[in-house]
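Chemist: Pasting a structure here, questions to come.
Derivation of every value follows stated rules applied to the coordinates shown; laboratory data play no part. In this text the structure is predicted, and so the values were computed from the model without any measurement. Neighbour counts are summed over all protein chains in view; Cβ atoms, including those assigned to glycine, are modelled from backbone coordinates with ideal geometry.
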Ligand SMILES: CC(C)(COP(=O)(O)OP(=O)(O)OC[C@H]1O[C@@H](n2cnc3c(N)ncnc32)[C@H](O)[C@@H]1OP(=O)(O)O)[C@@H](O)C(=O)NCCC(=O)NCCS
């Protein structure tokens, strides 16, 4: 198994495999997959983008990506609205890494790959903090994030009214905070 840092172009080449894993992991319908394709293509062009592919030979076993979050972006604005001013200043209104996606295909789980992708995605980042959203019922991911030092910043965060509740989580980056 190799974990490869991928250029945006390489992420695009692997996009069908990325979407297959993503759709299986999150139970997406074909129209939702199409929508996600457009979103990911936009994400790959963002400032500070880092993408990782876990390759078993030529087979994609997992992937992760993120970038430097910025005002005006969909996720930033929704999370901004959900935070108190002090929390915004501490976590959002400064350079921050947005930990956007992490997924490992079903046959490759519980072998440490998710943890490795997580660590490699954050390794050496210049932003002092990182942020993510995770569904409150996603216990595998929550266990992983707690183990890796993430803390809950906002509970019951929703991307749309009536949608499932998420946690907004934050992690301090840097040498003293592995
Ligand atoms: C979350 C996910 C990436 C974990 O990948 P993984 O390769 O299985 O993770 P690891 O083997 O590195 O496990 C790391 C830790 O995560 C936790 N964990 C992983 N799977 C778990 C499960 N099914 N139940 C409980 N805890 C789990 C454990 O704490 C585990 O450590 P341990 O194996 O020593 O107990 C994977 O389950 C996945 O792709 N899920 C679907 C996509 C997703 O939800 N992504 C996160 C979106 S925010």
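Chemist: Would you mind estimating how fast the stretch 52-137 diffuses translationally, via Stokes-Einstein at 20 °C and 1.002 mPa s with the Kirkwood radius over Cα pairs, in µm²/s?
Modeler: On the way: Rh = 14.3 Å.
D, rounded to a whole number, is 150 µm²/s.
Chemist: When each pair of different Cα atoms in the stretch 115-178 is counted once in the 1/r mean, what is the Kirkwood radius in angstroms, to one decimal?
Modeler: Details: mean 1/r = 0.0801 Å⁻¹.
Result for the stretch 115-178, one decimal place: 12.5 Å.
Chemist: Between residue 93 and residue 58, what is the FRET efficiency for a Förster distance of 35 Å, r being their Cβ-Cβ separation, to the nearest 0.05?
Modeler: Working: r = 42 Å, r/R0 = 1.21.
Computed FRET efficiency for residue 93 and residue 58: 0.25.
Chemist: What per residue convex hull volume, in Å³, do the alpha-carbon atoms of the stretch 8-74 yield? Don't skip to the answer; put the middle values down first.
Modeler: Working: hull volume 6.0 nm³, N = 67.
So the per-residue hull volume is 89 Å³.
Chemist: Quick one: helix 113-122 against the long Cα principal axis of the chain, what's the angle to the nearest 10°, folded into 0 to 90?
Modeler: 50
Chemist: Let me ask something else. What is the angle, in °, between the Cα long axis of helix 15-26 and the longest principal axis of the Cα atoms in the chain? Nearest 10 is fine, range 0 to 90.
Modeler: It is inclined by approximately 60 degrees.
Chemist: Express in nm, to one decimal, how much length is gained between residue 20 and residue 143 on full extension, taking 0.36 nm for each residue of separation and deducting their alpha carbon distance. Please report the intermediate quantities before stating the final value.
Modeler: Numbers: separation 123, 0.36 × 123 = 44.28 nm, distance 2.39 nm.
Extending this stretch completely gives an extra 41.9 nm.
Chemist: Next question, about the same structure. Rule-of-thumb check for the chain: C-alpha Rg over 2.2 N^0.38 Å? Walk me through the intermediate numbers first.
Modeler: Details: Rg = 15.6 Å, N = 178, 2.2 N^0.38 = 15.8 Å.
Here the answer is 0.99, to two decimals.
Chemist: If each residue of separation counts as 0.36 nm, what is the full-extension length gain between residue 2 and residue 68 once their alpha-carbon separation is subtracted? Display every interim value, and only then the final one.
Modeler: On the way: separation 66, 0.36 × 66 = 23.76 nm, distance 2.48 nm.
21.3 nm is the gain from fully extending residue 2 to residue 68.
Chemist: Quick one: length gained pulling residue 172 to residue 111 fully straight, 0.36 nm per residue minus the C-alpha distance?
Modeler: Gain in length upon complete extension: 19.4 nm.
Chemist: Follow-up. Explain nothing, just the number: relative contact order of the stretch 38-178, from Cα pairs under 8 Å at least 6 residues apart, as a whole percent. Before the final figure, lay out each step's value.
Modeler: Values: 206 pairs, mean separation 29.4, N = 141.
The value is 21 percent.
Chemist: Can you give the angle from 0 to 90° between the axis of helix 30-43 and the longest principal axis of the chain, with both taken from C-alpha atoms, to the nearest 10?
Modeler: 70
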